[in-house]
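In what follows, a single structure is set out as structure tokens and then discussed.
The values are calculated or read from the model by the stated rules, or taken from the named source; none is laboratory data. Bear in mind the structure is a predicted one, so any value in this text is a computation, not a measurement. Don't worry about glycine lacking a Cβ; one is built from the backbone with ideal geometry, like all the others, and counts go over all protein chains shown. Please note that ligands, DNA and RNA were not included when accessible areas were found on the heavy atoms of the full protein model with its side chains. Shrake-Rupley method; radii C 1.70, N 1.55, O 1.52, S 1.80 Å.
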Amino acid sequence: MKRAKCIIDKDYVIAEVDPKLYGSFIEHLGRAIYSGIYEPSHPTADEQGFRQDVLQLVRELAVPIVRYPGGNFVSGYSWTDGIGPVAGRSRRLDYAWQSIEPNQVGIDEFADWCRKAGAAVMAAVNLGTGTPQDAGYMLEYCNHPAGTYWSDLRIKNGHSEPHNIKVWCLGNEMDGPWQTCALSAADYGKKARETAKIMKWVDPSIELVVCGSSGPHMATYPEWDRVVLEHTYEQADYISMHRYYENEGSIENFLASFADMNEFIKTVAATADYVKAKARSPKTMKISFDEWNVWYIKKQTRIPWTEAPAILEDRYSLLDALVFGGMLCTLLNHCDRVRMACLAQLVNVIAPIFTEKGGRVLKQATYYPFQQVSLYGRGTALKTLTEAEKFTTTLYGDVPSVQTAATYNGEDGSITVFALNCDMKEDTELVLDLRSFGSVTMREHRIMDGPDLFAQNTFAAQDTVAPRNGSIVAGRNKVTTILPKLSWNMFRFGR
Ligand code: AHR
């Protein structure tokens, strides 16, 4: 048995968690929209064609904000193709995913879907083939109350109230050669700044996200981030970060993804702080980690130019759910800086929710850690001082085998602790020292573990990978508990 210790103190505050940390993402990609959230012929479809079985699972995740319409898709998308009477909309070639886009869902329908899901829209504008003026027009269509060409068009299209979209992304991954009309950092920086000026003139209440590097693998990282921020520091509110992990053969490396994500956040924050100092700005740039996940299927043989092809439909295992839990801890531990994040994506495409066309809906293994952290990782994030043995990785050096995060809810006095145990051979005895909280009682211990790391949920066996109850351990403000080997844990304490 391994041993670890974790001290959590009410006064060791990271920050109040912004609920937007638990955002997600729906792109016009594969079956995310068509036969994902929208399928008019489905038995559960509502009057707008939205699948209510999917909506229900989305609501249960308590996702506060959903990024739309892309992703790579947005850089060749004309948002005006998605407005007006649905029957008259154009079918277009989508360059990003080499698919046919039928435009049956556009910004009006998506805003309605978000309202039904209890989420806000985070809209991305096209800074590939699109112009700064297109972006201004789209914002005017969405947020201007009435009395102008674009706002009156929205009203004519059935939405008398503005959508009031508060967060906007200035393009997507504009550093990537795969992006439609990719740009250099300086060219993107100028285009983003001029677009931002128009957008903040149209609606000064919005917040804007500029594209950071598509990931640390880019040759231009982190120089891209510096140059872009030097052009946009005054106008931007967030810089974006994107990062996907996969099991490339070493389980140790894969489990340590949380440690790599930690370093990535520190580097982008440091780069932004350098620009802050250089600009003599009082503003600290927030981070929007608006694409993160485990992702395997990058390329797939398929018939080009089909509608809603079943692409990037990764199926997730227990191991993926463990890695995913570690990443959630990292986001929470940086929530003073990472004020917003989007799990990429939400339905069918690299997603926790998986549908059959015309049929059932399934919770993938990653659904559960996301739901637990989204529901209970709110309130005040507290620093966890954790001592645990380290394990060796070839990519990231020696990494602690226990990753933790904690939140405190000042209203009901509850404390939630999340813990990933990466030890592959032995259980770990964890002493949780809640010294400053007085007498507390463990109310719940939920565990995800199992004999088969590669087990997945299927329609035939839907609960193969799901949390189970652990033992409730007595103790006033210091409890000794067991983290099974290779497990994801959530502890809840109350008065
Ligand atoms: O989420 C899938 C894709 O990953 C997005 O379209 C793109 O932004 C990223 O490369």
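Hey, any hits in region 306-316 for a residue that's assigned to a helix (DSSP H, G or I) and open to solvent by 10 Å² or more (accessible area, probe 1.4 Å)?
Checked against the condition, which is being assigned to a helix (DSSP H, G or I) and open to solvent by 10 Å² or more (accessible area, probe 1.4 Å), region 306-316 yields no hits at all.
Within the bounds of region 70-81, is there any residue that is in a helix (DSSP H, G or I), within 16 Å of the ligand (Cβ to nearest atom) and open to solvent by 20 Å² or more (accessible area, probe 1.4 Å)?
yes
Quick check on G88: is it modelled with pLDDT under 95 and either open to solvent by 20 Å² or more (accessible area, probe 1.4 Å) or within 16 Å of the ligand (Cβ to nearest atom) (or both)?
Taking the combined requirement at face value, the residue satisfies it.
Scan (1) more than 16 Å from the ligand (Cβ to nearest atom); (2) more than 13 Å from N262 (Cα to Cα); (3) in a helix (DSSP H, G or I) for the single condition D320 breaks and write down its number.
D320 satisfies every listed condition except (1).
Under 8 Å by Cβ, and 6 or more places apart or on different chains, what pairs join a residue from region 174-201 that is assigned to a helix (DSSP H, G or I) with one that is among the aromatic types (F, W, Y) and within 16 Å of the ligand (Cβ to nearest atom)?
From region 174-201, the pairs are A185/W224; M199/W168.
Would you mention how many residues in region 356-387 are surrounded by 23 or more Cβ atoms within 10 Å (Cβ to Cβ), in contact with an Asp or Glu (Cβ under 8 Å, 6 or more places away or on another chain) and hydroxyl-bearing (S, T, Y)?
1
Restricting region 265-304 to residues that are of a type in the set (A, V, I, L, M, F, W, C) and without any contact (Cβ under 8 Å) to a residue 12 or more places away in the chain, which is farthest from P216 (Cα to Cα)?
Only one residue fits best here, namely I303.
Could you check region 356-416 for strands (runs of 3 or more DSSP E) lying wholly inside it with 3 or more residues that are farther than 22 Å from L319 by Cα and not acidic (D, E)?
380-387, 402-409
Working only within region 136-173, note down all residues that are without any contact (Cβ under 8 Å) to a residue 40 or more places away in the chain and closer than 21 Å to F25 by Cβ.
C142, N164
Among residues belonging to region 172-194 that are of a type in the set (D, E, K, R) and within 16 Å of the ligand (Cβ to nearest atom), point out the one that is nearest to the chain's Cα centre (by Cα).
Applying the filter and picking the extreme gives E173.
Mind counting the residues in region 448-473 that are open to solvent by 90 Å² or more (accessible area, probe 1.4 Å) and assigned to a loop (DSSP other than H, G, I, E, B)?
Summing the residues that are open to solvent by 90 Å² or more (accessible area, probe 1.4 Å) and assigned to a loop (DSSP other than H, G, I, E, B) in region 448-473 gives 5.
Does I65 fit the bill of being within 24 Å of V125 (Cβ to Cβ), touching a Gly at 6+ places or on another chain (Cβ under 6 Å) and open to solvent by 10 Å² or more (accessible area, probe 1.4 Å)?
Here the answer is no, as I65 does not meet what is asked.
Given the conditions (1) in a loop (DSSP other than H, G, I, E, B); (2) more than 13 Å from the ligand (Cβ to nearest atom), and given that I297 satisfies all but one, which numbered condition is not satisfied?
I297 satisfies all of (1) in a loop (DSSP other than H, G, I, E, B); (2) more than 13 Å from the ligand (Cβ to nearest atom) except (2).
Give the residues of region 327-355 that are touching a Lys or Arg at 6+ places or on another chain (Cβ under 6 Å) and either part of a strand (DSSP E or B) or open to solvent by 10 Å² or more (accessible area, probe 1.4 Å) (or both), sorted by residue number.
R339, M340, C342, listed by residue number.
Being within 16 Å of the ligand (Cβ to nearest atom) and of a type in the set (G, A, S) is the filter; apply it to region 9-30 and report the residue that is farthest from L382 (Cα to Cα).
My answer is G30.
Evaluate region 296-304: report whether one residue or more is touching a Ser or Thr at 6+ places or on another chain (Cβ under 7 Å) and open to solvent by 40 Å² or more (accessible area, probe 1.4 Å).
No, region 296-304 contains no residue that is touching a Ser or Thr at 6+ places or on another chain (Cβ under 7 Å) and open to solvent by 40 Å² or more (accessible area, probe 1.4 Å).
Looking at (1) assigned to a strand (DSSP E or B); (2) surrounded by fewer than 17 Cβ atoms within 10 Å (Cβ to Cβ); (3) among the aliphatic types (A, V, I, L, M), which is the only condition M241 fails?
(2)
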